[in-house]
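The values are calculated or read from the model by the stated rules, or taken from the named source; none is laboratory data. Note that the structure is predicted; figures quoted are calculated from it, not measured. Note that each Cβ is placed from the backbone with ideal geometry, even for glycine, and that neighbours are counted across all protein chains shown.
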Amino acid sequence: MQLRTVLHRRFRDESGTEFIYLANSAAILALDEPTAAVVDAFVTEDGVDSEPWLKEQAKPSASELTLNDLIDLGAIRPVDETPAPRADLPPMPFPLATLVLNVTNKCNLSCTYCYEYGEDKLFDESTAGKALMDEKTARDSIDFLMRSSGDRPQVSITFFGGETLLNFEAIKTAVLYAEEQGAQNAKRVHYSLTTNATLLTDDIVDFLTTHRFGITVSIDGDKDEQDRHRSYKSGKGSYEVMEPRIKNLIKKNKERNGRPIGARVTVTAGATPVVDTYRYLAGELGFDEVGFAPVTAGLGRDYALGEQGYERLLHEFGVLGEEYVEAAGRGESHGFSNLGDLVRELHQGVNKAHPCGAGLGLVGVSTEGEIGLCHRFVESKSHSIGTVQEGLDEKARAEFLAQAHIDKKTDCAQCFARPLCAGGCYHEAHVRYGKATAANLHYCDWIRGFIDLGLKSYGRIQATNPAFLARFDQ
């Protein structure tokens, strides 16, 4: 029988232990020397005839046993094997888990790189909907979530904008109504919110912490870094307004034992090294978690990350990754959320058919109640999949998800990172290629490099303190 290894990635931990990550199953296997030797023998495109190979081995019985184990584990398979069919979609209509309410399409800042209101916006402001979501639409959205979440015992509502807090009244209305409807429908409702922090008054902080919001603050670093791109329309920087409000939020949240508060950093060309930004945001300002996202930008934008920018970012992630692994070895948490999320997915064996939950378990809602794939596609008429009043357009939803499936992205077929990437962000693809279902080929090397970092970090944690990973078991 002609056999060969499946698509995989090999890596080692600091002790020299070798692992293999299987792209077909997202499984991670430790390899001892005899097992690694068998894998080496079958790393060939045309395959190897197993019977002659076994006869050549010094210990045929042991080699056959190891080979059969690898076959059973899916690491080595027949060359002519037809892959098992994979369903294009889960049973539809798939129940929603998260609703992102864009409660306003306006913002009090004028960030240079903003994907929603900057050069790469998806909608024409002259035809945009209401500036603020009204209370009726907020309640209609909650009713829609209750109807569309099936038997899920827990659902989530994320509030977004524009600057979300420009419409705090709609947030209050939605939360109070969701708690009432959640009780009637036997569902626990979780809340989260993204804000630029400029409008965080004491009353708002009290409401958010009382209702245990998960809060993400959009901030790019210290005063110089923040004010470089994130300013008011007048040109005045936003840092001096944000800083005392962020500290007040974090202080009160800790006093109430609230959920972690995160910082979300947009990384642009020429940005301060992420290591310095992380230490400032986590150390000086006190954020529990800090995540970094390369800027979403069309070709030719002067703030876009070029190839060298992505290489630099990967190197800096490696430095933070080292700190994360060292903390894990001591059994301590580390707030580098990019790597934390990746290690969790590796530990749980995540194997994605779609890059995220957009259009599947998550949808976005515009100020007028139009449903988009996610918050980034709200008010993009070409990506509408219904309204909260009339419900989801299940045909449009299913057609998009079928086209966005990883098996339809031929560029991804031979990439070991596909179980975790699945082609990348729909919005990023739309901005770069004009097609939301396209693979994000411009950052393939970056994604593979980051997943390599995650695999090596995972292997080292397994070697030094595997008990740390128990936090990801559920």
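Among the residues of the range 23-60, how many are under 22 Å from residue 466 (Cα atoms) and in contact with a Pro (Cβ under 9 Å, 6 or more places away or on another chain)? Total meeting the criteria: 2.
Being out of contact with any Lys or Arg (no Cβ under 8 Å at 6 or more places or on another chain), under 30 Å from residue 301 (Cα atoms), surrounded by fewer than 18 Cβ atoms within 10 Å (Cβ to Cβ) and not assigned by TED's automatic domain parsing to the domain that holds residue 312 is true for just one of 449, 434. Which residue is that? So the residue among 449, 434 that is out of contact with any Lys or Arg (no Cβ under 8 Å at 6 or more places or on another chain), under 30 Å from residue 301 (Cα atoms), surrounded by fewer than 18 Cβ atoms within 10 Å (Cβ to Cβ) and not assigned by TED's automatic domain parsing to the domain that holds residue 312 is 434. State yes or no: is residue 79 surrounded by 11 or more Cβ atoms within 10 Å (Cβ to Cβ), in contact (Cβ under 8 Å) with a residue 24 or more places away in the chain, within 27 Å of residue 351 (Cβ to Cβ) and of a type in the set (A, V, I, L, M)? The answer is yes for residue 79.
What about residue 326, is it farther than 23 Å from residue 444 by Cα and either hydrophobic (A, V, I, L, M, F, W, C) or surrounded by fewer than 19 Cβ atoms within 10 Å (Cβ to Cβ) (or both)? Yes; evaluated as a whole, the condition is true for this residue. Restricting attention to the range 207-220 and to residues that are touching a helix residue (DSSP H, G or I) at 6+ places or on another chain (Cβ under 9 Å) and either in a helix (DSSP H, G or I) or of a type in the set (A, V, I, L, M, F, W, C) (or both), the residue that is surrounded by the fewest Cβ atoms within 10 Å (Cβ to Cβ) turns out to be 207.
The C-beta contact set for the range 417-432 (first residue more than 23 Å from residue 21 (Cα to Cα), second residue surrounded by 24 or more Cβ atoms within 10 Å (Cβ to Cβ) and basic (Lys, Arg), distance under 8 angstrom, 6+ apart or interchain) comprises 426/376; 427/376.
Highlighted here are the helices (runs of 4 or more DSSP H) found entirely within the range 221-293 that include at least 1 residues which are aromatic (Phe, Trp, Tyr): 239-255, 274-279.
Could you list, ordered by first residue, the pairs with Cβ atoms under 6 Å in which the first is in the range 181-195 and assigned by TED's automatic domain parsing to the domain that holds residue 150 and assigned to a helix (DSSP H, G or I) and the second is buried (at least 16 other Cβ atoms within 10 Å of the Cβ) and of a type in the set (A, V, I, L, M, F, W, C), at least 6 apart or interchain? Matching pairs, first to second residue: 181/142; 181/146; 182/189.
Name the residue, out of 152, 139, that is at pLDDT 95 or above and in a helix (DSSP H, G or I). Steps first, answer last, please.
Details: 152 fails: in a helix (DSSP H, G or I).
Going through 152, 139 in turn, just one is at pLDDT 95 or above and in a helix (DSSP H, G or I): 139.
Among the residues in the range 410-432, are any of a type in the set (Val, Ile, Thr) and under 27 Å from residue 149 (Cβ atoms)?
As a first pass, look at the range 410-432 and keep what is of a type in the set (Val, Ile, Thr): 410, 431.
Those left that are additionally under 27 Å from residue 149 (Cβ atoms): none.
Checked against the condition, which is being of a type in the set (Val, Ile, Thr) and under 27 Å from residue 149 (Cβ atoms), the range 410-432 yields no hits at all.
Say whether the condition of being modelled with pLDDT of 95 or more and not in a strand (DSSP E or B) is met by at least one residue in the range 377-387. Within the range 377-387, none of the residues are modelled with pLDDT of 95 or more and not in a strand (DSSP E or B).
Can you tell me how many residues within the range 247-285 are polar (S, T, N, Q) and either outside the structural domain of residue 207 (by TED's automatic domain parsing) or under 21 Å from residue 209 (Cα atoms) (or both)?
Of the range 247-285, the ones polar (S, T, N, Q) are 248, 253, 257, 266, 268, 272, 277.
Filter once more, so that each one left must be either outside the structural domain of residue 207 (by TED's automatic domain parsing) or under 21 Å from residue 209 (Cα atoms) (or both): 248, 253, 257.
Final tally of qualifying residues: 3.
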